[in-house]
Structure formats: C-alpha cells, structure tokens
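*Asks:* I am attaching a structure below and will ask some questions about it afterwards.
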Amino acid sequence: MTQAATNTAISVRNVSHSFGEADEARHVKALLDTSLDVTRGELLCLIGPSGCGKSTLLNVMGGLIAPTTGTVMVGDKPVHGPMPNDIAFIFQENALFPWSTIHENMILGMSFQGVPKAERADRAQRALEAVGLDEFAGHYPSQLSGGMRQRAALARALSLETNILLMDEPFGALDEQTRMVLGEDLSVLLSRSKKTIVFVTHSLGEAVFLADRVAVFSARPGTIKEIITVDEPHPRKSAFMTSARFHQQRDQLYDLLHDEIRKSMAQSGKPKRAYEDQSSRAGPAA
Amino acid sequence: MKRYLLRHPGVARLGVILLMLIGWEIAARWFIDPMFISPPSRVLMALGSVFATPNVPAALRLTFFELAVAFALAVIIGVVLGLAVGLSKFGNKTFMPIVLLLYGIPQITILPIFILYFGIGPAAKIAFGVTHGMFPIIMAVVAGVQNIKPILLTSARSMGASNWQILRHVVYPNMIPSLFSGMRLGMTGVLLGVLLAELYVSTGGIGYFTSMFTQNFDPTKLLGLVGILAAMAIALNELVRRGETHFARWRD
C-alpha cells in the first residue's frame with residue numbers, strides 16, 4: 001500500500017466538475033465522478049471526443065480549476081491551487097509573453113516560481129539548449145515559427161524543474177510533420193528525465209506514439225472509459241510508428257473512441273438525412 | 001511616373017503639400033482681401049516679428065507650460081481611473097457607461113463653470129485640458145487591460161505569480177501599446193481643451209494673442225502664430241509616437 005502511494009505522482013479521486021450554476025441555461029457537466037492514478041515517471045495521455053472534459057481534468061490536476069466535488073493529491077499534498085514547485089503547464093495556445101524575448105520569458109517564469117536570481121540565467125541556457133533554441137534566446141515570440149514557440153514554451157516549463165508536466169494539446173496547433181518531430185524529441189526527453197507527464201491530445205497516433213498509458217474518455221459528461229497500456233520503451237523511434245503493433249493499438253483506440261465521438265457529436269446536433277445532390281438528379285441520364 | 005510615385009509615396013505626399021502651398025500663395029496674393037489672409041511666403045518672413053511682438057515669447061512659454069502640466073495630469077488621472085475601472089468586472093460594468101456618457105458631453109458647454117471655479121489664470125486652462133485629455137486615456141487603459149489573452153494570465157498563475165507580479169509583469173506590459181495610442185489622442189484633447197479655454201478668456205498665453213491678431217486684422221502674424229502652434233502640436237505628437245514605437249517594439 002505504501003509502495004503504491006509513493007509510486008503515485010497524482011491521484012484523482014471522484015472528481016466531478018460543472019461549469020455555471022445548476023439553474024443556468026449554460027450549465028454544463030464536464031466531468032463525472034472520475035478517478036485516476038498517474039504513476040511516477042510515466043507519460044499518460046488523455047484522449048476523447050471534444051468537450052469531454054479532458055482539458056478540464058488536466059486543469060483540475062494542476063489546481064487551475066477547483067472541482068465541484070472530489071479531491072486531487074499531488075504526492076501527499078492536496079491540490080487547492082497552482083503548485084508551481086511541483087507542476088509546470090504547457091498550453092495549446094501560445095502562452096509566451098509576447099512583449100518579452102524568449103530569454104526574458106524564461107527568467108520571468110522562474111521569478112514567478114521563486115528561483116534564486118543567481119540560478120536563473122544558467123537554468124534558462126540549459127533548458128534552451130535541451131530544446132535546441134539557445135541561438136534564439138534574444139528573439140521575440142512573434143519572430144519564431146509555431147513549432148519553435150512551443151519548443152520555447154517547453155523550455156520555459158523545463159527550466160522550472162518540476163517533477164510533473166501537464167501538457168494541454170501542446171502540438172495541437174502545429175502541422176503534422178512538425179508535431180511528429182516534436183513528439184520524437186519529447187520521447188527522447190522522457191527517456192532522459194524522470195518526469196511525470198500528463199498529455200491531452202486529439203490525435204490517436206500521437207497518443208500511441210508518446211504514451212505509456214492512454215486514458216480514453218467517454219462523451220460528456222466525461223469520465224474515463226478505459227485505460228490501455230503501450231508497452232514500448234522510450235525513446236521511441238519513428239520505426240515504432242510503422243510497426244504492426246503501433247497500428248493495432250491505434251485501431252484499438254479508434255474502436256474505443258468511435259462511439260463516443262458519435263455520441264458527442266449528437267449532443268451538438270446530428271444529420272437528419274443524407275444530402276441529396278439536386279444537380280445530379282436534374283442532369284441528363286447517363 | 002505612376003509606378004515611381006507608387007513606390008515613393010513620400011514624394012507624392014510632399015508634392016500635394018507643395019501644391020496646396022502654391023494654391024494658397026496664389027489665392028492670397030491676387031484673389032483674396034489681405035485683411036483676411038496672408039500668403040505663406042509672407043507668413044514665413046514674419047515669423048521673426050511674431051516672436052518680437054512684446055509678450056509673445058512669454059505667452060508661448062505659458063501655453064507650453066499649461067499643455068505639459070495638463071498632459072501629465074491627464075495621463076496620471078487617466079491611468080489611475082482606467083485601471084480602477086478596467087481591472088474588475090464590477091468596475092467595468094458599473095463605471096464604464098458613466099465614463100462613456102461623460103465623454104459624450106461636449107465640454108465646451110461647461111467651460112464657463114471651469115472659469116468660475118478655477119479663475120481666468122492658467123489653472124482653468126489646465127483643468128479644461130485635463131478633462132479633455134483624460135477620457136481617451138481612460139478608455140485606452142481599460143481596453144488595454146481588457147484585451148489581455150486569458151491564457152497569459154492562466155500561464156502566469158500556473159507558474160506561481162502573485163497578484164502584484166501579474167499586474168506588474170503581465171497586465172502592465174500588455175497595456176502599454178494601447179496606453180500610448182490613448183496618450184496620442186489624449187494629447188490632441190489636451191491641446192483642444194487648453195486652447196479653447198485660452199480663446200474664451202485669457203490674459204496671457206497664445207489664445208490671447210490669436211484673438212488680438214484677429215481683431216487687429218493682422219492675418220500674417222495670426223497665421224504665423226498658428227503655424228508655431230501647429231509645429232508644437234506635431235512635435236509633441238511625434239514625441240509620444242516615438243515612445244509608442246519604442247515600447248511596443250515586440251509587436252511585429
């Protein structure tokens with residue numbers, strides 16, 4: 001029991017969350033009675049139909065949203081707000097401060113967290129080297145490409161030297177090729193550090209490629225439907241992506257998700273009949 | 001020729017200004033009563049005599065002083081009120097409509113009250129300049145505070161930023177570009193307010209001399225003085241614009 005407790009980085013117990021008051025029209029039940037243990041050193045992917053509450057769960061884990069009911073523990077500490085010493089976030093949108101250079105962004109982040117002044121420059125340099133951006137330290141975010149900005153955001157998170165990284169679709173706004181390369185880099189990083197990562201994604205391939213475990217969400221109100229394990233050591237090579245096992249697990253994931261995605265889409269209106277092309281009917285018979 | 005001008009809009013701009021000056025020169029020399037207008041060449045030559053008119057240099061100094069003080073006060077009051085209104089949802093919902101309502105009132109109608117309260121000296125001019133200049137600044141600060149991307153606040157909070165750090169390192173830099181465009185509008189407002197008050201009742205300052213030159217049918221000196229005033233306004237505006245480009249250089 002104690003063994004299990006020390007191996008758990010984040011423990012989520014019976015968390016439900018609703019947005020808006022119960023009597024309001026825009027009251028939304030985002031999460032329903034979700035429990036989950038994130039093991040130390042693993043990369044856990046949260047995948048599910050849009051609006052299923054996976055991002056909500058991530059924000060609850062990081063203390064950015066207080067859940068309506070339920071508890072979250074990070075190690076032996078209950079989460080009641082942001083925990084900058086334990087958890088660093090990486091968001092989908094560009095969350096770098098546009099008025100600061102990449103270097104200044106990192107210094108600012110560390111000053112928020114409370115890193116001693118003398119250590120900041122050195123840590124910034126090391127983190128930028130780790131993501132290959134040390135030559136761009138003096139650039140403003142607007143001068144970098146989307147992929148470079150997300151690498152900079154990753155560097156800022158790394159410089160905080162937390163044990164846990166929470167990533168909310170960090171590569172979601174990037175093109176397929178860039179996100180594949182960044183995924184490989186993240187796998188390398190994971191093999192070198194002992195960080196625990198929770199990673200929200202829409203992409204089945206990304207989930208299988210990166211995750212040690214994938215938690216599949218049901219449609220809203222979201223809860224975890226099933227957890228599948230991907231048994232492949234990090235760093236994962238691109239060869240893994242073309243292996244039969246990769247495809248088999250991707251298909252398994254798709255089967256699990258398919259019904260939930262349909263359900264989720266039905267919540268926001270569904271097609272009543274197939275579209276009939278008027279022009280082809282009116283045209284001359286073939 | 002057309003392609004050359006398209007590539008060098010500055011040349012075309014200069015040409016338009018030159019044409020306007022030539023048109024003015026011709027009209028003033030041969031077509032319009034010299035009691036009402038003076039050709040630009042003569043105005044330029046007479047600039048020296050404007051400065052030589054007794055008390056005009058002192059008037060220029062006084063107006064410049066009123067403008068500077070009024071602008072400084074407008075910025076301080078504008079930023080403080082803008083932050084007070086913009087930083088909270090409550091403040092925004094409660095006070096913003098009032099600010100907009102007050103901004104909509106043509107203040108010229110209450111200028112006599114300013115004279116009544118502040119006297120006919122510089123104080124009334126400064127006060128009238130402040131009330132004209134502060135509204136655009138309030139609105140710019142409110143807009144600058146409100147248009148912040150929520151993700152930046154969330155991100156700062158996730159890294160452990162305190163409320164003060166968020167204000168200092170996130171809200172404040174986000175507001176700067178908007179503040180500067182507000183300050184440029186505010187500068188125009190301050191000029192308007194101060195000069196209106198000077199024209200209305202004045203014992204010194206440029207306003208006194210513009211009305212005097214007009215009453216003496218001396219368009220040469222009047223236009224010279226107006227020219228000096230315009231140069232002053234352009235210089236002040238340029239100063240704020242320089243500041244804006246400097247502090248907003250992170251925007252591409």
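The values are calculated or read from the model by the stated rules, or taken from the named source; none is laboratory data. All of these numbers come straight from a predicted model, not from anything done at the bench. Please note: Cβ atoms are built from the backbone with ideal geometry, for glycine as well, and neighbour counts cover all protein chains shown.
*Asks:* Is it the case that B:V69 is out of contact with any Lys or Arg (no Cβ under 9 Å at 6 or more places or on another chain), farther than 22 Å from B:S202 by Cα and not in a loop (DSSP other than H, G, I, E, B)? Give the steps one after another, and end with the answer.
*Replies:* Values: out of contact with any Lys or Arg (no Cβ under 9 Å at 6 or more places or on another chain): yes; farther than 22 Å from B:S202 by Cα: no; not in a loop (DSSP other than H, G, I, E, B): yes.
Spelling it out, it is not the case that B:V69 is out of contact with any Lys or Arg (no Cβ under 9 Å at 6 or more places or on another chain), farther than 22 Å from B:S202 by Cα and not in a loop (DSSP other than H, G, I, E, B).
*Asks:* For the stretch A:110-133, check the following and say yes or no: at least one residue is among the β-branched types (V, I, T), in a loop (DSSP other than H, G, I, E, B) and touching a Pro at 6+ places or on another chain (Cβ under 8 Å).
*Replies:* Going residue by residue through the stretch A:110-133, those that are among the β-branched types (V, I, T) are A:115, A:131.
Imposing the further condition that a residue be in a loop (DSSP other than H, G, I, E, B) reduces the set to A:115, A:131.
This time we only want the ones that are touching a Pro at 6+ places or on another chain (Cβ under 8 Å), so: none.
Within the stretch A:110-133 (the criterion being among the β-branched types (V, I, T), in a loop (DSSP other than H, G, I, E, B) and touching a Pro at 6+ places or on another chain (Cβ under 8 Å)), the answer is no, since none of the residues qualifies.
*Asks:* From the set of residues in the stretch A:86-106 that are more than 14 Å from A:H139 (Cα to Cα) and among the aliphatic types (A, V, I, L, M), which is nearest to the other protein chains (Cβ to nearest Cβ)?
*Replies:* So the first thing to find is which residues in the stretch A:86-106 are more than 14 Å from A:H139 (Cα to Cα), and the list is A:86-95.
Restricting the remaining residues to those that are among the aliphatic types (A, V, I, L, M) gives A:87-88, A:90, A:95.
Numbers: A:I87: 7, A:A88: 7, A:I90: 9, A:A95: 4 Å.
Out of the qualifying residues, it is A:A95.
*Asks:* Additional query: Looking at A:L144, A:L128, A:L166, A:L158, can you tell me which residue is within 13 Å of another protein chain (Cβ to nearest Cβ), at pLDDT 90 or above and out of contact with any Phe, Trp or Tyr (no Cβ under 7 Å at 6 or more places or on another chain)? Let's see the steps before the verdict.
*Replies:* Numbers: A:L144 fails: out of contact with any Phe, Trp or Tyr (no Cβ under 7 Å at 6 or more places or on another chain); A:L128 fails: within 13 Å of another protein chain (Cβ to nearest Cβ); A:L166 fails: out of contact with any Phe, Trp or Tyr (no Cβ under 7 Å at 6 or more places or on another chain).
Every option except A:L158 fails the conditions.
*Asks:* For the subset of the stretch A:246-268 comprising residues that are over 21 Å from the mean Cα position of the chain (by Cα) and among the small types (G, A, S), which member is modelled with the highest pLDDT?
*Replies:* Among them, the one singled out is A:A266.
*Asks:* Output yes when any residue across the stretch B:58-65 is more than 27 Å from B:T131 (Cα to Cα) and exposed (fewer than 13 other Cβ atoms within 10 Å of the Cβ), and no when none is.
*Replies:* Pass one, the stretch B:58-65, residues more than 27 Å from B:T131 (Cα to Cα): none.
No; the residues of the stretch B:58-65 include none that is more than 27 Å from B:T131 (Cα to Cα) and exposed (fewer than 13 other Cβ atoms within 10 Å of the Cβ).
*Asks:* Same structure, new question: Return the residue satisfying two criteria in turn: it lies in the stretch A:194-245 and is among the aromatic types (F, W, Y) and at pLDDT 90 or above, and of such residues it is farthest from A:L154 (Cα to Cα). Steps first, please.
*Replies:* Within the stretch A:194-245, the first condition is being among the aromatic types (F, W, Y), and the residues that meet it are A:199, A:209, A:217, A:240.
If we keep only those that are at pLDDT 90 or above as well, we get A:199, A:209.
Numbers: A:F199: 13, A:F209: 19 Å.
Filtering first and then ranking leaves A:F209.
*Asks:* Could you tell me which residue of the stretch B:162-195 is surrounded by the fewest Cβ atoms within 10 Å (Cβ to Cβ), considering only residues that are of a type in the set (G, A, S) and under 22 Å from B:W250 (Cα atoms)? Explain how you work it out, then say what you get.
*Replies:* Our first condition is that a residue be of a type in the set (G, A, S); within the stretch B:162-195, this holds for B:162, B:178, B:181-182, B:186, B:189, B:193.
If we keep only those that are under 22 Å from B:W250 (Cα atoms) as well, we get B:178, B:181-182.
Numbers: B:S178: 22, B:S181: 18, B:G182: 30.
Result: B:S181.
*Asks:* Out of (1) under 21 Å from the mean Cα position of the chain (by Cα); (2) touching a residue at least 60 places away in the same chain (Cβ under 8 Å); (3) within 30 Å of B:K221 (Cα to Cα), what's the single condition that is false for B:A58?
*Replies:* Looking at each condition in turn, B:A58 falls short on (1).
*Asks:* So if I check each of B:L153, B:L179, which one is closer than 23 Å to A:G109 by Cβ and either more than 11 Å from every other protein chain (Cβ to nearest Cβ) or in contact (Cβ under 8 Å) with a residue 12 or more places away in the chain (or both)? I'd like the intermediate steps shown before the answer.
*Replies:* Values: B:L179 fails: closer than 23 Å to A:G109 by Cβ.
Selected residue: B:L153, the only one of B:L153, B:L179 that is closer than 23 Å to A:G109 by Cβ and either more than 11 Å from every other protein chain (Cβ to nearest Cβ) or in contact (Cβ under 8 Å) with a residue 12 or more places away in the chain (or both).
*Asks:* Then there is this: Restricting the search to the stretch B:102-112, which residues are surrounded by fewer than 15 Cβ atoms within 10 Å (Cβ to Cβ) and within 14 Å of B:E198 (Cα to Cα)?
*Replies:* Across the stretch B:102-112, the qualifying residues are B:I108, B:P112.
*Asks:* Still on this structure, please answer the following. Looking at B:A197, is it under 15 Å from the mean Cα position of the chain (by Cα), assigned by TED's automatic domain parsing to the domain that holds B:I105 and closer than 30 Å to B:E25 by Cβ? Walk me through how you get there before you give the answer.
*Replies:* Working: under 15 Å from the mean Cα position of the chain (by Cα): yes; assigned by TED's automatic domain parsing to the domain that holds B:I105: yes; closer than 30 Å to B:E25 by Cβ: no.
When the stated conditions are applied, B:A197 does not pass them.
*Asks:* Return the pairs, sorted by first residue and then second, in which the second residue is basic (K, R), the first residue lies in the stretch B:27-47 and is in a loop (DSSP other than H, G, I, E, B), the beta carbons are less than 8 Å apart, and the residues are 6+ apart or on different chains.
*Replies:* B:P39/B:R29
*Asks:* Still on this structure, please answer the following. Evaluate the stretch B:161-183: report whether one residue or more is of a type in the set (S, T, Y) and over 27 Å from B:R242 (Cβ atoms). Walk me through how you get there before you give the answer.
*Replies:* So the first thing to find is which residues in the stretch B:161-183 are of a type in the set (S, T, Y), and the list is B:162, B:172, B:178, B:181.
Okay, now just the ones that are also over 27 Å from B:R242 (Cβ atoms), so B:162.
Within the stretch B:161-183 (the criterion being of a type in the set (S, T, Y) and over 27 Å from B:R242 (Cβ atoms)), the answer is yes, since at least one residue qualifies.
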